[in-house]
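Working notes for the structure below.
The values are calculated or read from the model by the stated rules, or taken from the named source; none is laboratory data. Keep in mind it's a predicted model, so treat the numbers as computed, not measured. Using ideal geometry, Cβ is built from the backbone for each residue, glycine included, and neighbour counts are taken over all protein chains shown. Side chains are part of the model used for accessible areas, which takes the heavy atoms of the whole protein and leaves out ligands, DNA and RNA. Shrake-Rupley method; radii C 1.70, N 1.55, O 1.52, S 1.80 Å.
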Amino acid sequence: MRLAALFVAAYAILMVRQLYVQLVVGPGLAANVHNPRAALLAPYRGRIVARDGTVLAQSSVHGRAYPFGAALAHAVGYASARYGTSGLESAFNSELSARPMANDPIAQIAALFRGGGPRAIAGSTVVTTIDPAVQQELYAGLSAYSRAAGVALDPRTGEVLAIASVPSFDPAKIDASFANLAADSQSPLLDRAIDGLYPPGSTFKIFTAAAALDSGIVTMDSTFEDPGSYRVGDFLVHDNEGEATGAQDLTGAFALSSNVDFAQIALELGPDRWWDEAARWGFGQPLDFTIDASRDRVPARDSLSPGILAQLGFGQADLLVTPLRMALVGATIASGGAEPRPFLVRAVRGGGRDETLGDAGTLATPVSADVAAEVRQLMIAVVRDGTGTAAALPDVQVAGKTGTATNPAGRSHAWFVAFAPADAPRVAVAIVVENAGYGGAVAAPIAKRVLAAALAHER
């Protein structure tokens, strides 16, 4: 009897331990790509799909496949037993990871010995907001250059329709190429769309104009005189190539992108008001996004000397932002002053999950609807008869702002921020091309193609 009781007790202890491993330890281990057992579950890893169901990542006995390859490598990411995970593969690793059957461990062991592989619960499907047609157009446009990035989103909801970074890589070959990619001076593993930090140049005049109109220091009827240069202490503000825009109202100064005029507007704002307005827009603060994104770099409040403040008026000095941030700036004006919360995943389905994640939300309301409407008119003028005419679309009014951002490392970065249709926006876009020159000549044509692709069908 004592021997039987001992066996019963030992069995009970083993069963408790088995339940603990399965329910508490097991899920974490199964989701860890470095766990040797995860290799057995890899064919059952969940899919990542576009908004229309197009497969972006899926597994089989032959490995993990990425049909869009380099075009979506940074956002979708990779899953490697050697190098871990990145992008959505990392952010949703636990949801995507397959789980071993918990109700029949003996059958699992038998299946392994038979060579039939583990019995597993397939990972969930992650449904993204990506529009395949817009994504392909964005990546194709950026790929004409060595280093570039862009984001397109729906300003009504915050859904990211397309996001790309160049140079890129093939996530299906990450094990073989990682060492070379990591050593590449062009930084192909860097997601420039959310982690690339750039001076925004004249695209930041969207913020400067909005802040000045909101605070009442300028109106649409204010007039300015730009002789081509303006000295602030030891710093000389000048327009591109020494151009002088002469006498202009606010619309003309914005459409022709006068650095001289916007330097003086920033000085009128003053350091405290500039800083407070920047904080209302979220500059320098963590960005709530599906994938961790870099924080903008904003000069410290106590460093805003007149020379620095003048440069901030046209997006220079020590200000650095991401393309995602500038897409949100455009989307804020497009949505009537409310800054949408950007997101990349709509839902998680299957694998024991049925969860809707993507809901339209607002990060902040930095300007009123009236001010947003006025800035919209300024941006329309840029594309109609200013520096951004290369972004004009037939039968669709586009609102935009060019940027040619100087940097100490070489030729200027080319920027363009836009949305369309201007009267009822359905898409906002931000494009940056490193060391490429004028935004109106380089970035605006890319934005035009992306806007056209996004407007080609209703969502």
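Can you pull out the residues in the range 77-94 that are part of a strand (DSSP E or B), surrounded by fewer than 23 Cβ atoms within 10 Å (Cβ to Cβ) and on the phi < 0 side of the Ramachandran plot?
Ser80, Thr85, listed by residue number.
Can you tell me which residues in the range 412-446 are out of contact with any Pro (no Cβ under 6 Å at 6 or more places or on another chain), closer than 18 Å to Arg192 by Cα and not small (Gly, Ala, Ser)?
Correct list: His413, Trp415, Phe416, Val417, Val429, Ile431, Val433, Glu434, Asn435, Val442, Ile446.
Collect the residues in the range 39-76 that are part of a loop (DSSP other than H, G, I, E, B), modelled with pLDDT of 95 or more and farther than 19 Å from Gly351 by Cα, keeping them in residue-number order.
Matches in the range 39-76: Asp52, Tyr66, Pro67, Phe68.
Name the one entry in Arg297, Arg231, Arg280, Arg301 that is within 18 Å of Ser202 (Cα to Cα) and basic (Lys, Arg).
Numbers: Arg231 fails: within 18 Å of Ser202 (Cα to Cα); Arg280 fails: within 18 Å of Ser202 (Cα to Cα); Arg301 fails: within 18 Å of Ser202 (Cα to Cα).
The match here is Arg297.
If we scan the range 167-180, do we find a residue that is open to solvent by less than 50 Å² (accessible area, probe 1.4 Å), in contact (Cβ under 8 Å) with a residue 24 or more places away in the chain and touching a His at 6+ places or on another chain (Cβ under 7 Å)?
Yes, that holds for at least one residue.
From Ala122, Ala144, Ala140, grab the single residue that is of a type in the set (A, V, I, L, M), on the phi < 0 side of the Ramachandran plot, open to solvent by 20 Å² or more (accessible area, probe 1.4 Å) and touching a Phe, Trp or Tyr at 6+ places or on another chain (Cβ under 6 Å).
None of the others qualify; the one that does is Ala122.
Take the residues in the range 400-433 that are of a type in the set (D, E, K, R) and over 18 Å from Ile163 (Cβ atoms), then tell me which one is modelled with the lowest pLDDT.
So, considering only residues that are of a type in the set (D, E, K, R) and over 18 Å from Ile163 (Cβ atoms), the one modelled with the lowest pLDDT is Arg411.
Taking the criterion of being farther than 30 Å from Leu363 by Cα and modelled with pLDDT under 95, would at least one residue in the range 136-144 satisfy it?
There is no residue in the range 136-144 that is farther than 30 Å from Leu363 by Cα and modelled with pLDDT under 95.
Open to solvent by 10 Å² or more (accessible area, probe 1.4 Å), at pLDDT 95 or above and under 24 Å from Ala409 (Cβ atoms), is that true of Leu197?
It is true that Leu197 is open to solvent by 10 Å² or more (accessible area, probe 1.4 Å), at pLDDT 95 or above and under 24 Å from Ala409 (Cβ atoms).
Return the total of residues in the range 357-373 being over 17 Å from Arg280 (Cβ atoms) and acidic (Asp, Glu).
1
From the list Val371, Val432, which residue is part of a helix (DSSP H, G or I) and either under 24 Å from the mean Cα position of the chain (by Cα) or farther than 24 Å from Ala149 by Cβ (or both)?
Testing whether each residue is part of a helix (DSSP H, G or I) and either under 24 Å from the mean Cα position of the chain (by Cα) or farther than 24 Å from Ala149 by Cβ (or both) leaves just Val371.
When the residues of the range 384-428 are filtered to those that are in a helix (DSSP H, G or I) and not polar (S, T, N, Q), which remaining residue is surrounded by the fewest Cβ atoms within 10 Å (Cβ to Cβ)?
Checking each candidate, the answer is Asp385.
Which of the residues that make up the range 290-307 are touching a residue at least 40 places away in the same chain (Cβ under 8 Å), over 21 Å from Val345 (Cβ atoms) and open to solvent by 30 Å² or more (accessible area, probe 1.4 Å)?
Arg297, Ser305, Pro306
What strands (runs of 3 or more DSSP E) completely inside the range 215-289 contain at least 1 residues that are surrounded by 17 or more Cβ atoms within 10 Å (Cβ to Cβ) and of a type outside the set (S, T, N, Q)?
It comes to 223-226, 229-232, 235-238.
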